[in-house]
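> Structure below; questions to follow.
The values are calculated or read from the model by the stated rules, or taken from the named source; none is laboratory data. For clarity, every value in this text was computed on a predicted model and none was experimentally measured. All Cβ positions, glycine included, derive from the backbone under ideal geometry; neighbour counts span all protein chains shown.
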Amino acid sequence: MDHITRAYLTEVISGKISCTETISDPVSLSLITKEIAGFDFPVLKSRQDWITDFGENHCLTNHPTEYHFHCYIPLENNGRILGTFELHNHKRELSAEGLTFCCNIADFIAGLLAVMEERNGYSPNLGTLVKSEIINGPKTSVQAEGKIKQLENEIEKLSTQLAEYLIFKPEESPEILTHPEIVGSSPEMQEVYSLLNRISSTQTTVLILGETGTGKELIAKAVHDASTRKQKTMIRVNCGAIPPNLIESELFGHEKGSFTGATERRIGKFEQAHKGTIFLDEIGELPLDLQVKLLRVLQEKEIERVGGKTTIVTDVRIISATNRNLLEEVEAGRFRRDLYYRLNVFPVSLPSLRNRKSDIPALATFFLEKFAKKLNRNIDGFSKKAISTMMAYSWPGNVRELEHLIERQVVMADGTLIKDIEIPGNNKQSISSAGAVKTIFENERDHIFTVLELCNGRISGQHGAAKLLGVPATTLNSKIKKLGLAKKHVY
């Protein structure tokens with residue numbers, strides 16, 4: 001108890017302790033420990049945060065590597081900070097799941113240190129070693145043994161959690177489809193990837209469903225690129241962008257002189273897609289008379305040019321997409337039931353962006369890098385405030401709206417960091433979807449979290465969150481634990 005050894009575990013896979021440091025005075029708090037000693041929250045600091053706050057990045061003593069993301073979790077017991085549990089990373093900030101797990105470990109370490117103090121009779125008030133039997137007698141040993149048993153049970157629990165945490169790596173699973181133009185690792189998108197893995201190598205007709213801007217064309221291209229027809233270019237047709245009187249000619253072609261203006265033979269999209277894939281976007285916009293002819297193509301595998309007298313056999317895989325509810329269109333008489341069932345062989349539903357908000361940071365970063373390179377701009381990333389703004393928005397235009405917003409931000413950016421984002425038309429809360437409406441529980445949780453951020457995580461005292469909220473500190477502590485905020489980020 002007369003010194004502390006600080007050990008840095010940086011090669012986690014090989015399990016080596018690469019650097020150690022001895023602190024001779026355990027009473028004095030380090031700069032990091034002082035930073036978090038006032039509250040029961042982890043502190044997450046990036047390299048840029050350290051440079052902004054202290055003029056330089058926090059580097060590990062006697063260690064050559066400069067880390068870019070740091071996490072410091074207080075080792076707290078009975079209101080006293082015993083030290084910090086620190087994690088450092090090169091590439092990314094600690095995930096929410098990883099943070100929760102490491103907070104459990106920190107609680108265990110703090111409890112273990114407290115038991116060690118009690119067993120050794122160390123009194124933090126006296127700063128000396130005394131005989132525990134003299135102070136508390138045999139009662140202390142009984143209490144310590146009880147805590148040790150409790151901590152042993154906690155070790156077993158954490159070991160189980162650790163095994164599960166290290167094994168589960170969804171990004172490396174062979175079941176997940178990878179494509180350079182598709183970004184997202186949310187559970188909703190992984191369901192989509194799982195479906196794509198099953199369907200891509202087959203010849204089955206695919207119907208892609210989803211709101212405008214969800215990336216239906218990218219999914220269609222992913223299906224085509226993973227199929228045996230990938231040697232041919234995928235032919236794209238937007239059924240809603242072609243005048244009704246020209247759609248038949250566009251899809252099936254026409255012979256010279258078949259109608260006014262037909263001065264030469266034209267090859268249609270289906271002939272161009274022979275031995276390949278045709279993507280019919282906005283299939284719900286197709287007129288009823290054309291739906292009949294498309295049905296024949298699906299059934300007979302042959303087409304007839306406008307004004308032609310012979311049939312032409314085609315080998316085409318059809319991928320269609322729509323933002324409409326085709327079953328409702330069928331009931332309303334605007335879409336043929338037999339064609340619907342022909343197209344709906346293998347439906348793939350794409351989630352809206354508001355239903356996979358965990359993908360927003362990755363998508364925003366992807367678009368930032370894309371447009372920064374295109375416009376030759378040097379932009380490092382987004383501030384936490386900018387990410388929070390994007391996470392709070394409901395995105396009625398989905399990924400396409402996010403893409404256009406990021407392009408605009410790159411054009412307007414003044415420095416190397418996008419600090420704030422103003423979303424056009426977001427002056428008032430959108431209630432266009434149930435996902436944008438918060439419950440009373442969520443509003444209370446967000447309000448308390450905002451006040452805690454304002455107070456830098458401090459709960460009690462003159463400048464604490466409890467005073468601002470007008471409640472006793474004990475009440476606020478109970479509320480924080482009930483709402484699940486006790487181990488969240490403090491910015």
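> Name every residue in the range 244-261 that is closer than 17 Å to ILE312 by Cβ and not aromatic (Phe, Trp, Tyr), in order of residue number.
Of everything in the range 244-261, those that are closer than 17 Å to ILE312 by Cβ and not aromatic (Phe, Trp, Tyr) turn out to be GLU248, SER249, GLU250, LEU251, GLY253, HIS254, GLU255, LYS256, SER258.
> Still on this model: Is one or more of the residues making up the range 298-314 within 30 Å of SER394 (Cα to Cα), touching a Leu at 6+ places or on another chain (Cβ under 9 Å) and not in a helix (DSSP H, G or I)? If you could, list the steps in order and put the result at the bottom.
Restricting attention to the range 298-314, the residues satisfying the condition of being within 30 Å of SER394 (Cα to Cα) are none.
Within the range 298-314 (the criterion being within 30 Å of SER394 (Cα to Cα), touching a Leu at 6+ places or on another chain (Cβ under 9 Å) and not in a helix (DSSP H, G or I)), the answer is no, since none of the residues qualifies.
> Another one. Of all residues in the range 462-472 being more than 34 Å from the chain's Cα centre (by Cα) and at pLDDT 75 or above, which is surrounded by the fewest Cβ atoms within 10 Å (Cβ to Cβ)?
Out of the qualifying residues, it is GLY470.
> Right, another one. Taking the condition of being closer than 22 Å to THR228 by Cβ, basic (Lys, Arg) and surrounded by 13 or more Cβ atoms within 10 Å (Cβ to Cβ), how many residues in the range 260-300 meet it? Spell out the reasoning first.
In the first step, residues of the range 260-300 are kept if they are closer than 22 Å to THR228 by Cβ; the result is 269-280, 297-298.
Still in the running and basic (Lys, Arg): 269, 275.
Subsequent filtering for residues that are surrounded by 13 or more Cβ atoms within 10 Å (Cβ to Cβ) retains 269.
Result for the range 260-300: 1.
> Provide a single number: the residues in the range 295-336 that are touching a residue at least 24 places away in the same chain (Cβ under 8 Å) and charged (D, E, K, R).
Taking the range 295-336 as the starting set, the residues that turn out to be touching a residue at least 24 places away in the same chain (Cβ under 8 Å) are 295, 297-299, 303-308, 312, 314-324, 326, 329, 334-336.
Narrowing the set further to residues that are charged (D, E, K, R) leaves 304-305, 315, 317, 324, 329, 334, 336.
The total comes to 8.
> Only one residue in GLU271, GLU211, GLU217 is among the charged types (D, E, K, R), closer than 23 Å to PRO351 by Cβ and either in contact with a Ser or Thr (Cβ under 9 Å, 6 or more places away or on another chain) or not assigned by TED's automatic domain parsing to the domain that holds TYR340 (or both), so which one is that? Let's see the steps before the verdict.
Values: GLU271 fails: closer than 23 Å to PRO351 by Cβ; GLU217 fails: either in contact with a Ser or Thr (Cβ under 9 Å, 6 or more places away or on another chain) or not assigned by TED's automatic domain parsing to the domain that holds TYR340 (or both).
Every option except GLU211 fails the conditions.
> Kindly evaluate PHE367 against the criterion of being outside the structural domain of ILE208 (by TED's automatic domain parsing), in contact with a strand residue (DSSP E or B) (Cβ under 7 Å, 6 or more places away or on another chain) and aromatic (Phe, Trp, Tyr).
Numbers: outside the structural domain of ILE208 (by TED's automatic domain parsing): yes; in contact with a strand residue (DSSP E or B) (Cβ under 7 Å, 6 or more places away or on another chain): no; aromatic (Phe, Trp, Tyr): yes.
So PHE367 does not fit the description; no.
> Identify, by number, the condition in (1) farther than 26 Å from ARG324 by Cα; (2) modelled with pLDDT under 85 that LYS232 doesn't meet.
Status for LYS232: all satisfied but (2).
> Let me ask something else. What is the residue count in the range 335-352 for residues that are buried (at least 20 other Cβ atoms within 10 Å of the Cβ) and either assigned to a helix (DSSP H, G or I) or of a type in the set (Lys, Arg) (or both)?
Residues meeting the conditions: 2.
> Now a separate question. Which of (1) surrounded by fewer than 19 Cβ atoms within 10 Å (Cβ to Cβ); (2) in a loop (DSSP other than H, G, I, E, B); (3) modelled with pLDDT of 90 or more does GLY240 not meet, given it meets every other one?
So the condition that GLY240 fails would be (3).
> Pairs only if they're at least six apart or on different chains, beta carbon under 7 angstrom, first in the range 48-61 and part of a helix (DSSP H, G or I), second surrounded by fewer than 16 Cβ atoms within 10 Å (Cβ to Cβ) and modelled with pLDDT of 75 or more; list them, first residue then second.
Close Cβ pairs satisfying both conditions: TRP50/GLU56.
> Quick one: GLY253 ticks every box in (1) in contact with a Ser or Thr (Cβ under 6 Å, 6 or more places away or on another chain); (2) over 14 Å from ASP281 (Cβ atoms); (3) not hydrophobic (A, V, I, L, M, F, W, C) bar one, so which box is it?
For GLY253, the exception is condition (1).
> Moving to a separate point now. Given the conditions (1) in a loop (DSSP other than H, G, I, E, B); (2) buried (at least 20 other Cβ atoms within 10 Å of the Cβ), which single one is not true for LYS232?
Exception for LYS232: condition (2).
Let's see how each residue does on (1) modelled with pLDDT of 90 or more; (2) closer than 26 Å to LEU94 by Cβ; (3) buried (at least 19 other Cβ atoms within 10 Å of the Cβ):
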{"position": "ARG354", "(1), (2), (3)": "yes, yes, yes"}
{"position": "PHE367", "(1), (2), (3)": "yes, yes, yes"}
{"position": "LYS374", "(1), (2), (3)": "yes, no, no"}
{"position": "GLY397", "(1), (2), (3)": "yes, no, no"}
{"position": "HIS404", "(1), (2), (3)": "yes, no, no"}
{"position": "GLU407", "(1), (2), (3)": "yes, no, no"}
{"position": "ASP414", "(1), (2), (3)": "no, no, no"}
{"position": "GLU422", "(1), (2), (3)": "no, no, no"}
{"position": "ASN426", "(1), (2), (3)": "no, no, no"}
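> Let me ask you something else. What number goes with the only condition from (1) surrounded by 14 or more Cβ atoms within 10 Å (Cβ to Cβ); (2) modelled with pLDDT of 90 or more that GLY308 does not pass?
Single failed check for GLY308: (2).
> Quick check on my filter: what residues within the range 295-324 are touching a Lys or Arg at 6+ places or on another chain (Cβ under 7 Å) and not hydrophobic (A, V, I, L, M, F, W, C)?
THR314, ASP315, ARG317
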